[in-house]
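A short write-up of the structure that comes next.
None of the figures in this text is laboratory data; all of them are computed from the coordinates on show. Note that the structure is a prediction, hence the values are computed from the model and not measured. We place every Cβ from the backbone using ideal geometry, glycine too, and count neighbours over all the protein chains shown.
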Amino acid sequence: MSFFTTTILFIALFFSGCSTLFNSTDKTVEEKKIIYKNVTNEIDFLKERGEKSLEEGYYTSAATDFKMVNYYKDAPVIPIEKIEDIQYKAKISSKYHYERGMKLLHTNKKEALIEFNKMVQNDPSYKDGKEQFNKLRTDEQIVPFLASLEKSVNDQLKKNFFTINALAKLNRSTLQLLEYNHESTIASTAKNIIKDHQKEMIDESVSLYNEQKFDVALEHFQLLKEIYGKDKTVQKYLDKYAFKKEVETKLKLAKHSLNTRKYPLAIKYSESILEIDPNNNEAKNILINATNKHKAILPHLLYKGITYYNKHELNNALKIFQSILEMDPTNPTATVYIKKITQQLETIKCLK
């Protein structure tokens, strides 16, 4: 009996009042908290595992985990309709993978094993699928292949020293093994070890980020994403890194635009930074600097725009006046000329 099952049974007896063996007076408040925390953690684990199984197309496993969540929460926290839909998909999926497995059985035994493995995970009672799965695992070509996959996982486990890269490698090897044999005990052991290191690896990566070792931290979080999927902390730091890179990129563009006297662009980039990072002092300074310098050249720009207009270079004039409005949206001269130029360009277009 698993720790989870044992704990749940204990809790049921402990709080039901149906057994004098587990009277609530026998436990301290701290002991009760520990038990409750363990059960809560396991329920969260079931929910997370169910979502992962659902994502990978193992529908029966997902439905089973979701049912357990509802059972122990004593409420349909996972909607009944969702579970029923998953169970329906399990039936469709088992039929699909069985038929594919039978087609591949005599042409590609490894691929056939993958299909029967998926079928068994969805409905082990479908036709003779379980029998085909077990028979294929004892095939003279498949036995050494599975043995090599298990050896790869086992060799990594024997090292008993896990860095983030080692865990990522172990995770890949484990997933490959599970693709062919979801019943592998070695794979189950590896999955438990990978999960046991989750907090340690995340804490280590967070420390790297806080020490401003951003590139190394990013590599770690990307591997953690690969290993632990939708972990909220991992995603949070990946989002923070993406935000940081976006700000850095826009700052470079804003500085370059300012240095090359492309003031409207400098203003645009600095404003976009301040939309997502309102307290960014560097962007504030660029915005002020670019705005002041652009205002200072407004008379020159107006003169240049009018000159283009008088030379009938309408498109060039339009660009100049539009750049003026980007800086000074209420500028009356630019507004008037843009209206005149637009009308003239429309007239020219109609005459062609």
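Annotations
- Over all distinct Cα-Cα pairs of region 172-285, the Kirkwood formula returns a hydrodynamic radius of 16.9 Å.
- Counting lysine pairs in region 112-159 that sit 8 or more residues apart in sequence, or on different chains, and whose Cα atoms lie under 18 Å apart gives 5.
- Sorted by Cβ neighbour density within 10 Å, fewest at the top, the residues E271, E200, E150: E200, E271, E150
- From least to most packed, judged by other beta carbons within 10 angstrom and beginning with the fewest, L178, L105 follow the order L105, L178.
- Nearby lysines by direct alpha-carbon distance to K349 (threshold 16 angstrom, same-chain neighbours under 8 apart not counted): K339, K340
- Mean Cβ count within 10 Å, highest first, over the residues of peptides 330-337, 46-53: 46-53, 330-337
- Counting beta carbons within 10 Å around each of F321, F162 and listing the fewest first gives the order F162, F321.
- Peptides 223-231, 112-120 ordered by average Cβ neighbours within 10 Å, highest first: 112-120, 223-231
- Dimensions (Å) - the chain, Cα atoms, principal axes, largest first: 94, 62, 45
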